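The values are calculated or read from the model by the stated rules, or taken from the named source; none is laboratory data. Remember, predicted model here, so these are calculated numbers, not experimental data. Here the Cβ positions follow ideal geometry from the backbone for every residue, glycine too, while neighbour counts run over all protein chains shown.
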C-alpha cells in the first residue's frame with residue numbers, strides 16, 4: 001500500500017493524496033477509502049475523486065485537524081468488507097467521418113499515421129473511467145495509446161459540439177455539452193453523456209469501461225434520432241473486473 | 001409572481017447550491033456572497049437555503065404581480081419601488097403592480113432580493129441555482145415570470161439590520177495555504193503575500209482572474225478537486241480565484257484557499273479593485 005498524504009484544504013475539507021500516478025491500484029485505493037468513509041457513519045458532506053486523490057468536504061469547520069486525520073487513518077485501516085459494486089462495459093458509437101473529425105488530418109500529419117490507423121487505434125482500446133469532472137458528465141478516461149498523444153490546440157475553439165470526441169495531451173474524452181475547448185476533435189458520438197432530465201444524469205461511473213465503436217454518418221443520424229425520442233438502448237455488459 | 005421588465009446585466013436565481021453531485025461533475029454553485037444573502041433571508045424569517053434573486057451590477061426592473069414582503073441586501077444599486085428610494089436590509093411591503101428598479105451602483109457587485117417564502121422556480125439536483133445545461137436557462141430574461149407564494153400579513157413588524165459598509169471595502173483577503181503552496185519557492189511565496197493584486201475584467205461566477213503575473217515553473221498536477229475559493233496558478237503565471245460556479249476538478253496547482261468569509265467579501269469586488277492575500281496560521 002502506498003503511503004497516503006493528508007492535507008488540510010481550507011476550513012472545511014481534507015485532501016488525501018496517493019502516489020502521483022494514473023493506475024488501477026491507486027484508483028482502487030481511492031474507491032476503497034471512499035466506500036469505507038461512506039459506510040462508517042462518518043460525518044461528511046461530499047467526496048470528490050481525482051486521479052490520485054480523494055477530497056472530503058464537511059458541513060462544519062474542522063476543529064481538530066490532527067484528530068480528524070487519526071480518525072480517517074483508522075477508518076482506512078478498518079477491515080471492512082466493501083459491498084461489490086457492479087461495473088459496466090459500455091460500447092459508444094462514434095462517427096469518425098471528416099465532417100466531425102475536424103482535426104484528424106492534422107493528427108495524421110503530425111503523428112505520421114493514416115487516418116484509418118488513428119481510428120483503428122482509438123477504437124480498439126478499452127478505456128477506464130476514472131472520475132467525472134471539468135464539465136457535468138465529462139469522463140476522465142485512462143488508456144489512450146501514446147501514438148495518439150497530441151498537445152491541446154494553442155487557440156481553443158469557441159464552441160465544440162456536445163458529443164465531440166477529442167484528444168488533449170495524453171487523454172481522450174467526450175464533450176458532454178457544447179463548450180469552448182482546446183482538444184483535437186476526431187469524431188462525434190450521438191449519445192448523451194449528461195442528461196439533466198435524468199435523476200442519474202450520467203450513465204457511466206468510476207471504474208466502468210468504455211470502447212468506441214466506429215459508425216458511419218448514416219448510422220450516426222439514425223442513432224441520434226432514437227436518442228432524441230428516447231428509444232435508443234445502450235449497449236452495456238457486466239464488466240468482469 | 002414577478003414579471004421581469006428588464007433583466008439587467010446578469011440576474012439569476014440562487015440558493016445554497018448543489019452538494020452531493022460532484023460524482024456527476026456538477027458544480028456546487030449557489031449565492032456568491034452568502035453573508036449578504038443570509039442577511040436578506042434572515043430579515044424576512046426565511047430559512048437560509050431559501051432561493052433569492054442575485055442581481056449583478058443592477059440595471060434590472062421587476063414588476064410584482066402579487067403582494068409580498070421583500071428585503072434587499074448586499075451591493076447598493078439604489079433600489080426604488082415605484083421610483084421611491086427604499087433602504088437596504090429592511091423589510092419592505094410591496095403590492096400588486098409595484099415596480100422595483102435598480103439604478104446607480106454605490107458599492108458592491110452582487111445584491112440579493114429575497115421575497116417572503118422565496119422564489120419557487122424549478123429544482124434540479126436539490127437546488128434552484130441557475131446553471132447552464134442544468135436549469136432551463138442560466139439567467140433571467142425580459143418577460144420571465146418568477147413564481148413565489150402570495151404573502152398578506154402586512155401586520156408583521158418592521159425589521160431592519162444595520163450593516164457595516166466596511167465589509168465592502170476590506171482589502172485583506174484571508175486564506176490558508178493551498179495543497180500545492182509548498183511547491184512555490186520562498187521568493188514566489190513572498191511575492192504572493194507581499195504584493196498587491198488587482199482583479200481583472202475577466203471575472204464571472206466561475207472565477208476572477210487577476211492582473212498580476214506570478215512567474216513560475218510548477219508543473220500541472222494530476223487532476224484533483226478544486227473548491228470555491230481555490231486560487232489556481234497557471235503555467236503562464238496567471239492567478240485565478242475560483243468562485244461558486246467553478247468546476248469540481250482542475251489540473252492547475254492550488255496555491256491558496258480563501259476562507260468562507262473571504263469568498264463572500266471577495267465576491268463583492270469589481271474589476272480594478274486591489275487587495276492583498278493574508279495567510280492564516282492553521
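Take the residues in the stretch A:1-44 that are within 9 Å of another protein chain (Cβ to nearest Cβ) and without any contact (Cβ under 8 Å) to a residue 24 or more places away in the chain, then tell me which one is nearest to residue B:227 (Cα to Cα).
Among those residues, the one meeting the criterion is A:10.
Kindly indicate the residue of the stretch A:134-143 that is surrounded by 20 or more Cβ atoms within 10 Å (Cβ to Cβ) and on the phi > 0 side of the Ramachandran plot and also modelled with the highest pLDDT among those meeting that condition.
Only one residue tops the list, namely A:137.
For residue A:192, indicate whether it is in contact with a strand residue (DSSP E or B) (Cβ under 9 Å, 6 or more places away or on another chain), part of a loop (DSSP other than H, G, I, E, B) and crowded, with 20+ Cβ neighbours inside 10 Å.
Considered against the rule, which asks whether it is in contact with a strand residue (DSSP E or B) (Cβ under 9 Å, 6 or more places away or on another chain), part of a loop (DSSP other than H, G, I, E, B) and crowded, with 20+ Cβ neighbours inside 10 Å, residue A:192 comes out as no.
If we scan the stretch A:95-102, do we find a residue that is within 27 Å of residue B:261 (Cα to Cα), crowded, with 20+ Cβ neighbours inside 10 Å, modelled with pLDDT of 95 or more and under 23 Å from the mean Cα position of the chain (by Cα)?
no
Scan A:47, A:55 and give me the residue that is touching a helix residue (DSSP H, G or I) at 6+ places or on another chain (Cβ under 7 Å), touching a residue at least 12 places away in the same chain (Cβ under 8 Å) and surrounded by 17 or more Cβ atoms within 10 Å (Cβ to Cβ).
Going through A:47, A:55 in turn, just one is touching a helix residue (DSSP H, G or I) at 6+ places or on another chain (Cβ under 7 Å), touching a residue at least 12 places away in the same chain (Cβ under 8 Å) and surrounded by 17 or more Cβ atoms within 10 Å (Cβ to Cβ): A:47.
Among A:191, A:158, which is more than 14 Å from chain B (Cβ to nearest Cβ) and touching a residue at least 40 places away in the same chain (Cβ under 8 Å)? Walk me through how you get there before you give the answer.
Details: A:158 fails: touching a residue at least 40 places away in the same chain (Cβ under 8 Å).
Matching residue, one of A:191, A:158: A:191.
Filter the stretch B:265-282 for residues that are within 13 Å of another protein chain (Cβ to nearest Cβ) and outside any strand (DSSP E or B); which is surrounded by the fewest Cβ atoms within 10 Å (Cβ to Cβ)? Talk me through it step by step, then tell me what you get.
If we filter the stretch B:265-282 for residues that are within 13 Å of another protein chain (Cβ to nearest Cβ), which is where we start, we get B:279-282.
Now narrow it down to the ones that are outside any strand (DSSP E or B): B:280-282.
Numbers: B:280: 12, B:281: 5, B:282: 9.
Taking the candidates together, the pick is B:281.
Pull up the stretch B:205-221, narrow it to residues that are closer than 17 Å to residue B:258 by Cα and touching a residue at least 40 places away in the same chain (Cβ under 8 Å), then point me to the one that is farthest from the other protein chains (Cβ to nearest Cβ).
The residue in question is B:208.
Limited to the stretch B:247-262, what total is found for residues that are touching a residue at least 40 places away in the same chain (Cβ under 8 Å) and either over 17 Å from residue A:57 (Cβ atoms) or more than 9 Å from every other protein chain (Cβ to nearest Cβ) (or both)?
5
Mind listing whichever residues of the stretch B:74-102 are surrounded by fewer than 20 Cβ atoms within 10 Å (Cβ to Cβ) and in a loop (DSSP other than H, G, I, E, B)?
Those that are surrounded by fewer than 20 Cβ atoms within 10 Å (Cβ to Cβ) and in a loop (DSSP other than H, G, I, E, B): B:78, B:82, B:83, B:86, B:87, B:89, B:91, B:95, B:96, B:97, B:98.
Here is a list: B:134, B:199, B:140. Which entry is within 14 Å of another protein chain (Cβ to nearest Cβ), under 20 Å from the mean Cα position of the chain (by Cα) and surrounded by 13 or more Cβ atoms within 10 Å (Cβ to Cβ)?
B:134
Is it the case that the stretch B:17-31 has a residue that's closer than 22 Å to residue B:117 by Cα, assigned to a strand (DSSP E or B) and more than 14 Å from chain A (Cβ to nearest Cβ)?
Taking every residue of the stretch B:17-31 in turn, none turns out to be closer than 22 Å to residue B:117 by Cα, assigned to a strand (DSSP E or B) and more than 14 Å from chain A (Cβ to nearest Cβ).
Looking at the stretch B:120-131, which of the residues that are at the interface with another protein chain (Cβ under 10 Å from one of its Cβ atoms) and assigned to a loop (DSSP other than H, G, I, E, B) is surrounded by the most Cβ atoms within 10 Å (Cβ to Cβ)?
Ranking the candidates gives B:131 first.
Name the residues in the stretch B:32-59 that are within 14 Å of chain A (Cβ to nearest Cβ) and free of Cβ contacts under 8 Å to residues at least 24 places away in the same chain, would you?
Matches in the stretch B:32-59: none.
Filter the stretch B:222-246 for residues that are away from chain A (no Cβ under 11 Å), without any contact (Cβ under 8 Å) to a residue 40 or more places away in the chain and in a loop (DSSP other than H, G, I, E, B) and give the result.
If the condition is that a residue be away from chain A (no Cβ under 11 Å), without any contact (Cβ under 8 Å) to a residue 40 or more places away in the chain and in a loop (DSSP other than H, G, I, E, B), then B:234, B:235, B:236, B:237 are the ones that fit.
Can you pull out every residue in the stretch A:70-87 that is surrounded by 16 or more Cβ atoms within 10 Å (Cβ to Cβ) and modelled with pLDDT of 95 or more?
A:72
Yes or no, residue by residue, for (1) within 13 Å of another protein chain (Cβ to nearest Cβ); (2) touching a residue at least 12 places away in the same chain (Cβ under 8 Å):
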| position | (1), (2) |
| --- | --- |
| A:172 | no, yes |
| A:177 | yes, yes |
| A:180 | yes, yes |
| A:184 | no, yes |
| A:197 | yes, no |
| A:201 | yes, yes |
| A:209 | no, yes |
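Counting only residues that are surrounded by 16 or more Cβ atoms within 10 Å (Cβ to Cβ) and assigned to a loop (DSSP other than H, G, I, E, B), which one in the stretch B:145-184 is nearest to the other protein chains (Cβ to nearest Cβ)?
Among those residues, the one meeting the criterion is B:179.
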